[in-house]
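First the structure, in the form of C-alpha coordinates, and then the observations on it.
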Amino acid sequence: MTQVISHTKLGMLTPSSNIVLEPVTSAMLADIPGVTAHFGRFRVLKITMDADALGQFTMEPMLAAAELLADAQVQTICWNGTSSGWLGFDTDDALIAAIKERTGVTACSSVLAMNEILAKKTAKKIAFVTPYLTEIQVKIVENYRAAGFDVVAERHLNDPGNYSFATHDEAKILEMCRSVAVAKPDAICIYCTNFRGAGLAEAIEQETGIPVYDSVSTALWKSMKIAGANPADVRGWGSIFDV
(Lines give C-alpha, C1' and ligand atoms only; values in the text may rest on other atoms or scores of the structure.)
Protein backbone atom coordinates (compact mmCIF):
# COMPACT_ATOMS: atom_id res chain seq x y z
CA MET A 1 0.00 0.00 0.00
CA THR A 2 1.30 3.47 -0.91
CA GLN A 3 1.83 5.70 2.11
CA VAL A 4 0.14 9.11 1.91
CA ILE A 5 2.55 11.82 3.02
CA SER A 6 1.00 14.70 4.98
CA HIS A 7 2.50 17.85 3.49
CA THR A 8 1.51 21.48 3.95
CA LYS A 9 2.63 23.59 1.00
CA LEU A 10 2.62 27.39 1.27
CA GLY A 11 2.71 29.44 -1.94
CA MET A 12 4.45 32.81 -1.91
CA LEU A 13 4.33 35.47 -4.65
CA THR A 14 7.75 37.08 -4.74
CA PRO A 15 9.17 40.25 -6.36
CA SER A 16 11.68 39.10 -8.98
CA SER A 17 14.59 41.06 -7.48
CA ASN A 18 13.97 39.90 -3.91
CA ILE A 19 16.77 37.73 -2.46
CA VAL A 20 15.77 37.80 1.24
CA LEU A 21 12.28 36.39 1.70
CA GLU A 22 12.92 32.94 0.19
CA PRO A 23 15.90 31.92 2.36
CA VAL A 24 14.42 33.59 5.46
CA THR A 25 11.05 31.88 5.04
CA SER A 26 12.76 28.54 4.48
CA ALA A 27 14.92 29.08 7.57
CA MET A 28 11.85 29.80 9.70
CA LEU A 29 10.32 26.52 8.53
CA ALA A 30 13.52 24.47 8.74
CA ASP A 31 12.61 22.65 11.97
CA ILE A 32 8.94 22.07 11.13
CA PRO A 33 8.40 18.70 9.44
CA GLY A 34 5.91 18.60 6.61
CA VAL A 35 5.58 22.36 6.04
CA THR A 36 7.34 23.90 3.06
CA ALA A 37 7.21 27.20 1.15
CA HIS A 38 7.16 27.48 -2.64
CA PHE A 39 7.79 30.66 -4.58
CA GLY A 40 6.62 32.31 -7.79
CA ARG A 41 8.17 35.50 -9.15
CA PHE A 42 6.96 38.45 -11.18
CA ARG A 43 9.05 41.43 -12.24
CA VAL A 44 9.77 44.18 -9.70
CA LEU A 45 12.96 46.22 -10.15
CA LYS A 46 12.47 49.49 -8.25
CA ILE A 47 10.21 51.06 -5.65
CA THR A 48 9.28 54.66 -6.42
CA MET A 49 6.13 56.65 -7.12
CA ASP A 50 7.02 56.87 -10.82
CA ALA A 51 4.36 55.53 -13.17
CA ASP A 52 6.52 52.68 -14.45
CA ALA A 53 7.34 51.56 -10.91
CA LEU A 54 3.69 51.66 -9.83
CA GLY A 55 2.84 49.70 -12.98
CA GLN A 56 4.91 46.75 -11.75
CA PHE A 57 2.05 45.90 -9.40
CA THR A 58 -0.73 45.59 -11.95
CA MET A 59 -2.79 42.51 -11.28
CA GLU A 60 -2.27 40.34 -14.36
CA PRO A 61 1.45 39.47 -13.88
CA MET A 62 0.73 38.63 -10.25
CA LEU A 63 -2.20 36.42 -11.21
CA ALA A 64 -0.10 34.64 -13.84
CA ALA A 65 2.51 33.85 -11.17
CA ALA A 66 -0.26 32.71 -8.82
CA GLU A 67 -1.61 30.31 -11.44
CA LEU A 68 1.78 28.63 -11.72
CA LEU A 69 2.01 28.32 -7.94
CA ALA A 70 -1.40 26.69 -7.90
CA ASP A 71 0.02 23.91 -10.10
CA ALA A 72 2.05 22.83 -7.03
CA GLN A 73 -1.24 22.18 -5.17
CA VAL A 74 -0.38 24.70 -2.47
CA GLN A 75 -2.91 25.26 0.32
CA THR A 76 -2.56 29.04 0.20
CA ILE A 77 -1.01 31.76 -1.95
CA CYS A 78 0.41 34.83 -0.21
CA TRP A 79 1.45 38.11 -1.82
CA ASN A 80 4.73 38.41 0.08
CA GLY A 81 5.29 42.09 -0.56
CA THR A 82 4.33 45.46 0.89
CA SER A 83 3.07 47.44 -2.11
CA SER A 84 -0.39 48.05 -0.64
CA GLY A 85 1.33 50.05 2.09
CA TRP A 86 1.69 52.88 -0.42
CA LEU A 87 -0.89 51.89 -3.06
CA GLY A 88 -3.72 51.41 -0.55
CA PHE A 89 -4.82 48.34 1.39
CA ASP A 90 -7.76 47.85 -0.99
CA THR A 91 -5.30 46.76 -3.69
CA ASP A 92 -4.44 43.69 -1.61
CA ASP A 93 -8.12 43.02 -0.90
CA ALA A 94 -8.76 43.01 -4.65
CA LEU A 95 -5.70 40.87 -5.39
CA ILE A 96 -6.47 38.09 -2.91
CA ALA A 97 -10.07 37.93 -4.16
CA ALA A 98 -8.81 37.67 -7.74
CA ILE A 99 -6.30 34.94 -6.85
CA LYS A 100 -9.06 32.90 -5.21
CA GLU A 101 -11.31 33.36 -8.25
CA ARG A 102 -8.55 32.50 -10.74
CA THR A 103 -6.96 29.55 -8.93
CA GLY A 104 -9.44 28.32 -6.34
CA VAL A 105 -6.72 28.72 -3.68
CA THR A 106 -7.28 30.84 -0.58
CA ALA A 107 -4.96 33.85 -0.66
CA CYS A 108 -3.53 36.38 1.76
CA SER A 109 -0.94 39.15 1.86
CA SER A 110 1.92 40.24 4.05
CA VAL A 111 0.45 43.69 4.66
CA LEU A 112 -3.08 42.56 5.46
CA ALA A 113 -1.60 39.96 7.82
CA MET A 114 0.41 42.68 9.56
CA ASN A 115 -2.72 44.80 9.92
CA GLU A 116 -4.59 41.80 11.33
CA ILE A 117 -1.88 41.22 13.93
CA LEU A 118 -1.85 44.91 14.92
CA ALA A 119 -5.61 44.70 15.41
CA LYS A 120 -5.37 41.47 17.43
CA LYS A 121 -2.78 43.06 19.73
CA THR A 122 -4.66 46.41 19.82
CA ALA A 123 -1.43 48.11 18.79
CA LYS A 124 -2.44 51.66 17.89
CA LYS A 125 0.87 53.47 18.41
CA ILE A 126 3.23 52.04 15.80
CA ALA A 127 6.66 52.75 14.35
CA PHE A 128 7.99 51.92 10.88
CA VAL A 129 11.47 50.83 9.83
CA THR A 130 11.93 50.57 6.06
CA PRO A 131 14.55 51.02 3.33
CA TYR A 132 12.20 53.09 1.17
CA LEU A 133 12.36 56.50 -0.48
CA THR A 134 10.79 59.38 1.44
CA GLU A 135 7.93 59.57 -1.09
CA ILE A 136 7.05 55.94 -0.41
CA GLN A 137 7.41 56.29 3.36
CA VAL A 138 5.11 59.31 3.38
CA LYS A 139 2.37 57.33 1.63
CA ILE A 140 2.74 54.40 4.04
CA VAL A 141 2.44 56.68 7.05
CA GLU A 142 -0.55 58.49 5.50
CA ASN A 143 -2.37 55.22 4.81
CA TYR A 144 -1.85 53.93 8.34
CA ARG A 145 -2.92 57.19 9.91
CA ALA A 146 -6.03 57.17 7.73
CA ALA A 147 -6.74 53.66 9.05
CA GLY A 148 -6.68 54.96 12.62
CA PHE A 149 -3.10 54.25 13.68
CA ASP A 150 -0.85 56.71 15.47
CA VAL A 151 2.53 56.54 13.75
CA VAL A 152 4.80 57.77 16.53
CA ALA A 153 8.17 57.19 14.85
CA GLU A 154 9.70 56.14 11.55
CA ARG A 155 13.09 55.55 9.98
CA HIS A 156 13.81 54.96 6.30
CA LEU A 157 16.93 54.75 4.16
CA ASN A 158 15.76 56.64 1.05
CA ASP A 159 16.76 53.74 -1.19
CA PRO A 160 14.90 53.24 -4.53
CA GLY A 161 15.64 49.46 -4.43
CA ASN A 162 14.38 46.87 -5.01
CA TYR A 163 17.46 44.59 -5.14
CA SER A 164 19.53 47.05 -3.11
CA PHE A 165 17.22 46.71 -0.09
CA ALA A 166 18.87 43.36 0.61
CA THR A 167 22.36 44.92 0.77
CA HIS A 168 21.64 46.74 4.05
CA ASP A 169 22.97 44.64 6.91
CA GLU A 170 21.31 43.68 10.17
CA ALA A 171 23.43 46.15 12.13
CA LYS A 172 21.83 49.06 10.26
CA ILE A 173 18.32 47.69 10.79
CA LEU A 174 19.03 47.09 14.47
CA GLU A 175 20.16 50.70 14.87
CA MET A 176 16.97 51.90 13.15
CA CYS A 177 14.80 49.78 15.44
CA ARG A 178 16.55 51.08 18.53
CA SER A 179 15.97 54.62 17.28
CA VAL A 180 12.20 54.24 16.85
CA ALA A 181 11.91 52.29 20.12
CA VAL A 182 12.68 55.53 21.97
CA ALA A 183 9.14 56.72 21.09
CA LYS A 184 7.72 53.69 22.97
CA PRO A 185 5.38 52.41 20.26
CA ASP A 186 3.03 49.48 20.84
CA ALA A 187 4.79 47.71 17.96
CA ILE A 188 7.70 48.15 15.57
CA CYS A 189 6.86 47.26 11.97
CA ILE A 190 9.84 46.26 9.81
CA TYR A 191 8.20 46.88 6.48
CA CYS A 192 9.82 45.39 3.38
CA THR A 193 10.15 41.74 2.37
CA ASN A 194 13.65 42.25 0.90
CA PHE A 195 15.02 43.69 4.16
CA ARG A 196 16.95 41.63 6.72
CA GLY A 197 14.76 42.31 9.74
CA ALA A 198 13.05 39.03 10.61
CA GLY A 199 16.07 37.51 12.29
CA LEU A 200 16.39 40.52 14.60
CA ALA A 201 12.87 40.41 16.02
CA GLU A 202 13.52 38.27 19.05
CA ALA A 203 16.64 40.19 20.11
CA ILE A 204 14.93 43.58 19.69
CA GLU A 205 11.93 42.40 21.69
CA GLN A 206 14.15 41.17 24.50
CA GLU A 207 16.12 44.43 24.53
CA THR A 208 13.19 46.86 24.30
CA GLY A 209 10.11 44.95 25.44
CA ILE A 210 8.35 46.10 22.23
CA PRO A 211 6.80 43.55 19.82
CA VAL A 212 8.44 43.49 16.38
CA TYR A 213 6.39 42.56 13.31
CA ASP A 214 8.47 41.93 10.22
CA SER A 215 6.65 41.70 6.88
CA VAL A 216 8.25 38.38 5.87
CA SER A 217 7.16 36.94 9.21
CA THR A 218 3.61 38.25 8.90
CA ALA A 219 3.29 36.56 5.50
CA LEU A 220 4.37 33.21 6.95
CA TRP A 221 2.18 33.60 10.06
CA LYS A 222 -0.98 34.12 8.00
CA SER A 223 -0.09 31.49 5.41
CA MET A 224 0.34 28.88 8.12
CA LYS A 225 -2.96 29.88 9.73
CA ILE A 226 -4.84 29.48 6.45
CA ALA A 227 -3.19 26.17 5.60
CA GLY A 228 -3.94 24.66 9.01
CA ALA A 229 -0.35 24.62 10.28
CA ASN A 230 0.54 26.01 13.71
CA PRO A 231 2.56 29.26 13.63
CA ALA A 232 3.59 28.65 17.25
CA ASP A 233 5.83 25.86 15.93
CA VAL A 234 8.14 28.59 14.57
CA ARG A 235 10.55 29.32 17.43
CA GLY A 236 13.32 31.88 17.75
CA TRP A 237 11.85 34.45 15.35
CA GLY A 238 9.94 36.67 17.76
CA SER A 239 6.58 36.86 19.50
CA ILE A 240 4.61 37.24 16.27
CA PHE A 241 4.28 33.47 15.95
CA ASP A 242 2.47 33.30 19.27
CA VAL A 243 -0.27 35.73 18.16
Suppose every K and R has +1 on its Cβ and every D and E has -1 on its Cβ; what is the size of the dipole of segment 92-243 about the Cα centre, in Debye to the nearest 20?
260
Pop the C-beta distance of Glu101 and Ser16 into the FRET formula with R0 = 30 Å and round what comes out to the nearest 0.05.
0.80
Quick one: accessible surface of Val182, probe radius 1.4 Å, all protein chains present, in square angstrom to the nearest 10.
110
Where labels lie 7 Å past Cα in the beta-carbon direction, separation of Asp52 and Val152 in nm
4.2
Segment 97-243 - accessible surface per residue (Å², probe 1.4 Å)
39
How large is the dipole of segment 1-137 about the Cα centre if only Lys and Arg carry +1 and Asp and Glu carry -1, each at its Cβ, rounded to the nearest 20 debye?
400
Per its Cα gyration tensor (rounded if a/c is under 1.5, else prolate when a/b beats b/c, else oblate), the chain is best filed as oblate
By average C-beta atoms within 10 angstrom, highest first, the peptides 75-84, 93-102, 194-203:
75-84, 194-203, 93-102
Tell me, what is the percent relative contact order of the chain, built from C-alpha pairs under 8 Å that lie six or more residues apart?
23
How large a share of the accessible area of the chain, in percent, is made up of carbon and sulfur atoms when the probe is 1.4 Å and the other protein chains stay in place?
52
Extension gain, Lys184 back to Arg235 (0.36 nm per residue minus Cα-Cα distance, nm)
15.8 nm
Note down the relative contact order for segment 58-123 as a percent, whole number, built from C-alpha pairs under 8 angstrom at least six residues apart.
36
Once you list every other residue whose beta carbon is under 13 Å from the beta carbon of Ile19, what net charge do they have if Lys and Arg are +1 and Asp and Glu are -1?
+1
For the pairs Lys9/Lys172; Lys120/Lys222; Lys124/Lys222; Lys46/Lys139, flag any whose C-alpha to C-alpha distance is greater than 24 Å.
Lys9/Lys172
Sorted by chain and then number, the residues having a modelled amide H within less than 5 Å of the amide H of Lys125, at least 5 places away or on another chain, are Asp150, Asp186
Take the alpha carbon atoms of segment 157-195, find their center, do the same for segment 78-149, and report the distance between the two centers in whole angstrom.
17
With an 8 Å cut-off on Cα pairs and a minimum separation of 6 or more residues, tell me the relative contact order of segment 110-168 in percent.
39
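The values are calculated or read from the model by the stated rules, or taken from the named source; none is laboratory data. Because the structure is predicted, anything quoted here is derived from the model rather than measured. Glycine gets a Cβ as well: all are built from the backbone with ideal geometry, and neighbour counts include every protein chain shown. Surface areas here come from the heavy atoms of the whole protein model, side chains and all, with no ligands, DNA or RNA. Shrake-Rupley method; radii C 1.70, N 1.55, O 1.52, S 1.80 Å.
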